[in-house]
Amino acid sequence: MEKFSPEFWDMQYKEGKTGWDIGYVSPPLKEYIDQLTDRSLKILVPGAGSAWEVEYLFNNHFKNTFLLDFSEESILRFRKRCPVFPEDHIIKENFFEHSGQYDRILEQTFITSFPTQHRQAFARQVSHLLKPGGKFVGLMFNHEFPFDGPPFGGTKQEYQMLFEDLFEIEKLEIAYNSIKPRKGRELFVVLRKKSG
């Protein structure tokens, strides 16, 4: 089964191979969301998986929040957990084929589901989906894995080179409030889309 297919990800959920899923919104993203004051922001969470961030945003009155994933299984699980979430804000689609314009894109290690050779296209797509001055915010793994992913590892230097042409890097540093197993192993990023 192809590693980057919806069927592959559906199988991970069905077989309980979801080690990346901590079962709640991650503390760095929760803290970021908590300091946002503009509840009208149009926010996309791509590769949302169990979508704990989507649920947290919605429950905190960010009603312009959109979930994007191409795994039917992950979306079914989210719908069961959050039946009041608007159906037209659930997008079952390949991230690279999605079009739209957002104020924020929230990242919960989605980039590390792709190997290095796909990441330039990932950066371009993030830029394409953001409004001028929009921000890409979230967590990326900052270490290599001792297996052939996903997830695939990465480094601060790699991410800096990947994003610096398209974004102003406002923050790219070790997250100080990661969960214990990921302490020192993930970066918190805030990237602002460059104008022009």
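Bear in mind these aren't lab numbers, they're just calculated from the coordinates by the rules spelled out. Treat the numbers as computed from the prediction; the structure is a model and nothing was measured. Cβ coordinates were reconstructed from backbone atoms using ideal geometry, including for glycine residues, and neighbour counts include every protein chain displayed.
Tell me the mean residue ellipticity at 222 nm calculated for the chain from its helices only (DSSP H runs of n ≥ 4, each -39500 (n - 2.57), averaged over every residue, nearest 500). Mean residue ellipticity, 222 nm, calculated: -8000 deg cm²/dmol. When restricted to Cα atoms, the range 48-193 yields an Rg and a Dmax of 15.2, 41 Å, respectively. Here the range 48-193 is treated with +1 on each Lys and Arg Cβ and -1 on each Asp and Glu Cβ, and its dipole about the Cα centre works out to around 420 debye. Q160 sits among other residues whose Cβ lies under 13 Å from its own Cβ, and their net charge, with Lys and Arg +1 and Asp and Glu -1, is -3. Between Q108 and L139, the built amide H atoms are under 5 Å apart, and every one of these is 5 or more places off in sequence or on another chain.
Our coupling estimate for the range 80-90, obtained by passing each phi through the Karplus curve with A = 6.51, B = -1.76, C = 1.60 and θ = phi - 60°, is 5, 6, 10, x, 8, 5, x, 4, 6, 9, 9 Hz, Gly and Pro reported as x.
Give a quick list of chymotrypsin sites (Phe, Trp or Tyr not before Pro) in the range 129-196 that DSSP marks as loop, anything other than H, G, I, E or B, with at most 16 other Cβ atoms within 10 Å.
Details: sites: F136, F141, F147, F152, Y159, F163, F167, Y176, F188; in loops: F147, F152, Y176.
Qualifying residues, ordered by number: F147, Y176.
Extending 7 Å from Cα along the Cβ direction at F8 and again at F145 yields two label points whose distance is 1.0 nm.
Amide H of K194: which non-local residues (sequence gap of 5 or more, or other chain) have their own amide H closer than 5 Å, using H built in the peptide plane? Answer set, sorted by chain and number: F167, E168.
Along its principal axes, the range 14-133 has C-alpha extents of 40, 36, 28 angstrom, given from the largest down.
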